[in-house]
Amino acid sequence: EPEVTQTPSHQVTQMGQEVILRCVPISNHLYFYWYRQILGQKVEFLVSFYNNEISEKSEIFDDQFSVERPDGSNFTLKIRSTKLEDSAMYFCASSVGDSGNQPQHFGDGTRLSIL
Amino acid sequence: ELKVEQNPLFLSMQEGKNYTIYCNYSTTSDRLYWYRQDPGKSLESLFVLLSNGAVKQEGRLMASLDTKARLSTLHITAAVHDLSATYFCAVDRDFGNEKLTFGTGTRLTIIP
């Protein structure tokens with residue numbers, strides 16, 4: 001079964017450094033998302049992306065965050081200057097685009113640790 | 001702001017017993033999703049409920065949706081240890097392919 005893949009599985013970064021999280025959505029999916037989950041807490045929406053542009057973003061997704069689809073397969077989340085509170089599990093998800101009759105499919109996540 | 005609440009937050013139950021997890025939400029959405037998360041793992045889709053009165057079953061799990069009450073339930077029948085996980089409900093705003101707002105999660109532990 002097709003799946004969303006994310007790399008790396010774990011990223012350790014010094015505060016203030018830039019980090020790029022990578023995702024390969026399912027190939028025929030049209031909508032892409034990033035969510036994060038701070039340890040022990042619920043999953044929070046960051047941003048959705050469709051037709052090569054951001055369709056919605058949350059308050060968490062400030063100027064330090066950006067997303068890009070640099071080619072036909074990758075979808076990246078960049079954090080320009082990381083803060084301690086950015087430590088979390090980041091999940092990429094994709095959906096096929098049939099008005100929500102199918103669920104969003106999630107990758108295994110990238111655990112981001114900011115030191 | 002859309003709010004999604006689950007209860008209980010923690011549930012410890014013995015194998016063979018039945019129990020129900022509740023998910024209340026604050027908007028008039030007809031779409032509700034249930035996901036399972038094992039520790040340190042991703043979110044696995046369990047059910048997609050798309051209309052009032054929808055009921056879906058898979059093995060020992062059954063999910064239902066009452067859009068008038070803004071309530072979904074996830075019922076566990078004759079629990080087995082393999083069902084130990086955290087269960088999340090999630091709601092979007094009825095247009096599909098939009099952001100999901102997740103509930104707080106219910107951490108379920110099945111005791112042999």
Mean Cα-pair separation over length for chain B, i.e. relative contact order, pairs under 8 Å, 6 or more apart, %: 36 percent
Pairwise label distance in nanometres, A:Glu56 with B:Glu44, each label 7 Å out on the Cα-Cβ vector: 2.7 nm
With DNA, RNA and ligands ignored, accessible area of B:Glu5 (1.4 Å probe; Å², nearest 10): 120 Å²
Sparse-neighbourhood loop sites, trypsin sites (Lys or Arg not before Pro) in the stretch B:40-112 - DSSP loop, at most 10 other Cβ within 10 angstrom: B:Lys68
Peptide A:89-95, shielding by other chains (average Cβ, 10 Å cutoff): 2
Per-residue average of Cβ from other chains inside 10 Å of A:30-42: 3
With DNA, RNA and ligands ignored, accessible area of B:Asp30 (1.4 Å probe; Å², nearest 10): 60 Å²
Spatial extent of the stretch B:16-112: Rg and Dmax, with the Cα atoms as the point set, Å: 13.1, 42
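Considering only the other residues whose Cβ falls under 15 Å of the Cβ of B:Cys23, what net charge follows from Lys and Arg at +1 and Asp and Glu at -1?
Working: positive: A:Lys42, B:Lys3, B:Arg31, B:Arg36, B:Lys56, B:Lys68, B:Arg70, B:Arg107; negative: B:Glu5, B:Asp30, B:Asp66, B:Asp92.
Result for the neighbourhood of B:Cys23: +4.
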Cut-off under 5 Å, modelled amide H: who pairs with B:Arg70 long-range: none
Sequence-separation-based contact order of the stretch A:5-114, relative, with Cα cut under 8 Å and 6+ spacing, percent: 38 percent
Virtual spin-label span in nm between A:Ser9 and B:Val80, 7 Å along Cα→Cβ: 2.6 nm
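Quick one: order A:Glu56, A:Glu3 from most to least accessible surface, probe 1.4 Å.
Numbers: A:Glu56 45, A:Glu3 125 Å².
So the residues, ranked largest to smallest area, are A:Glu3, A:Glu56.
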Surface accessible to a 1.4 Å probe, A:Leu115 within the full protein complex, Å²: 110 Å²
Karplus 3J(HN,Hα) series, Hz, for the stretch A:42-55 with 6.51 cos²θ - 1.76 cosθ + 1.60 (x for Gly, Pro): 7, 7, 10, 6, 10, 7, 10, 9, 8, 6, 6, 8, 5, 9
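The values are calculated or read from the model by the stated rules, or taken from the named source; none is laboratory data. From a predicted model like this one, the values you see are computed outputs, not experimental measurements. Here the Cβ is made from the backbone with ideal geometry for all residues, glycine too, and neighbour counts use every protein chain on show. Note: accessible area is taken over every heavy atom of the protein model, side chains too, but ligands, DNA and RNA are not part of it. Shrake-Rupley method; radii C 1.70, N 1.55, O 1.52, S 1.80 Å.
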